[in-house]
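Engineer: Below you will find the structure I want to go over with you.
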Amino acid sequence: MSSDGFSGEPPPGAAADWTIDQGWDAYTAAEHAVWDALYERQAALLPGRACDEFLHGLDALNLHRGGIPDFRQINVDLQRLTGWTVVAVPGLVPDDVFFKHLANRRFPAGQFIRRADQLDYLQEPDIFHDVFGHVPMLTDPVFADYMQAYGEGGRRALGLGQLHNLARLYWYTVEFGLLETPAGPRIYGAGIVSSRTESLFALDDPSPNRIGFDLERLMRTLYRIDDFQQVYFVVPSLRALLDATLQDFAPIYRRLEGAADIAIDAVLPGDRVFSRGTQAYASGRG
Ligand SMILES: [Fe+2]
């Protein structure tokens, strides 16, 4: 562990906290064009699908201006709105590094962008996923507090050896969460809003279950990282999500120690069911 509390050795060229310069001036015209192609596709698709907080975030950060965003520019607005900043990192960072950044209201984002032939699928999060997907929600004061609380919870979970339960919370909210609105469920999860196909699947497809958010139920539920989700959890409000996360998780972790995992396609008697999925998509994929 280094003297400032970060474990592991950052790669050459990165600072002790694993951050690097975004290197915005070095992006090529072709890379900016990939961003624009992805951006235009999602901006056309998301009204009526993404929640208002996400759509307002696109405006608040002026992400419509075109081209890969310069972190120096968007950080002016983001810092003013909620005190968050985006920092560039050279890919995935160790858990303790990630949590420390979140706890200090810094969002670590990939600096590279996918190739033009990878618009629909990419294994490692690139700048489009990280910035288009995650950063607009950080302009919302309640979600901004939730992400900080998650980072603080992550640091405690690491100490308690409970990261597997907490990681499910991130997965089913920050990445794949739906928000209940008077007009029906809307998307706020970054993994959905940054994906054309999952933006359609998550709301419209009859396959997945859509179930009301329940923290302990969610933390017991398995997830898949390689394909569309088989269950989405719908939070009643961002405030409810924040409030659930501000409680002490230690008693929850103790209860979860003795509780079995819940199958990814299960619907339980206590679930608030928004839609019961056919699971036809997952069955068809074997
Ligand atoms: Fe992500």
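Engineer: Taking 8 Å as the Cα distance limit and 6 or more residues as the minimum spacing, I'd like the relative contact order of segment 80-131 as a percentage.
Structural biologist: 36
Engineer: Work out, step by step, the length gained on full extension between residue 156 and residue 257: first 0.36 nm times the residue separation, then minus their alpha carbon distance; give nm to one decimal.
Structural biologist: Here the answer is 34.7 nm.
Engineer: Pull out a ≥ b ≥ c, the square roots of the eigenvalues of the alpha-carbon gyration tensor of segment 73-182, then state rounded if a/c is under 1.5, prolate if not and a/b is larger than b/c, and oblate in the remaining case.
Structural biologist: rounded
Engineer: Still on this structure, please answer the following. Would you please state the base-10 log of I(q)/I(0) at q = 0.11, 0.15 1/Å for the chain, with intensities from the Debye formula using one equal scatterer on every alpha carbon?
Structural biologist: Result of the Debye calculation: -0.64, -1.22.
Engineer: Taking R0 as 22 Å, what's the FRET efficiency between residue 264 and residue 123 from their Cβ-Cβ distance, rounded to 0.05?
Structural biologist: 0.65
Engineer: Can you pull the one-decimal nm distance between simple spin-label points at residue 197 and residue 163, each 7 Å off the Cα toward Cβ?
Structural biologist: A separation of 2.9 nm, rounded to one decimal place.
Engineer: Expressed as a rounded percentage, what relative contact order does the chain have, with Cα pairs under 8 Å and six or more residues apart?
Structural biologist: Here the relative contact order equals 17 percent.
Engineer: Take the alpha carbon atoms of segment 21-75, find their center, do the same for segment 84-117, and report the distance between the two centers in whole angstrom.
Structural biologist: Each part's Cα centre sits 16 Å from the other's.
Engineer: May I ask you to give the solvent-accessible area per residue for the chain, in square angstrom, as obtained with a 1.4 angstrom probe?
Structural biologist: For the chain, the solvent-accessible area averages 44 Å² per residue.
Engineer: Which residue fluctuates most in the GNM of the chain (Cα springs below 10 Å): 214, 25, 140?
Structural biologist: Result: 25 has the largest fluctuation of those listed.
Engineer: Also: Looking at the chain as a GNM with Cα springs under 10 Å, which of 177, 212, 13 has the largest mean-square fluctuation?
Structural biologist: Highest fluctuation of the listed residues: 13.
Engineer: Right, here's the next one. Using alpha carbons only, how many angstrom separate the centre of segment 240-277 from the centre of segment 134-189?
Structural biologist: 14
Engineer: OK, next. Taking only DSSP H segments of four or more residues, each worth -39500 (n - 2.57), what value at 222 nm results for the chain once the sum is divided by all its residues, to the nearest 500 deg cm²/dmol?
Structural biologist: -11500 deg cm²/dmol
Engineer: Here's a follow-up. Quick one: work out the % antiparallel among DSSP beta bridges in the chain, nearest 5.
Structural biologist: In the chain, approximately 30 percent of DSSP beta bridges are antiparallel ones.
Engineer: Right, here's the next one. For segment 1-99, restrict the atom set to alpha-carbon positions and state the Rg and Dmax in Å.
Structural biologist: 16.2, 48
Engineer: Trypsin sites (Lys or Arg not before Pro), restricted to segment 62-125: which are DSSP loop and have at most 13 other Cβ atoms within 10 Å?
Structural biologist: 115
Engineer: Name the residue, out of 175, 257, 152, whose mean-square fluctuation peaks in a Gaussian network model built on the chain with Cα pairs under 10 Å.
Structural biologist: Per the Cα network of the chain with a 10 Å cutoff, 257 tops the list.
Engineer: Given Cβ point charges of +1 (Lys, Arg) and -1 (Asp, Glu) and nothing else, what value in debye, to the nearest 20, does the dipole of segment 1-117 about its Cα centre take?
Structural biologist: With only Lys, Arg, Asp and Glu charged at Cβ, the dipole is about 180 debye.
The values are calculated or read from the model by the stated rules, or taken from the named source; none is laboratory data. Because the structure is predicted, anything quoted here is derived from the model rather than measured. Quick reminder, even Gly has a Cβ in these numbers, built from the backbone with ideal geometry, and neighbours come from all protein chains shown. Note: areas computed on protein heavy atoms with side chains; ligands, DNA, RNA excluded. Shrake-Rupley method; radii C 1.70, N 1.55, O 1.52, S 1.80 Å.
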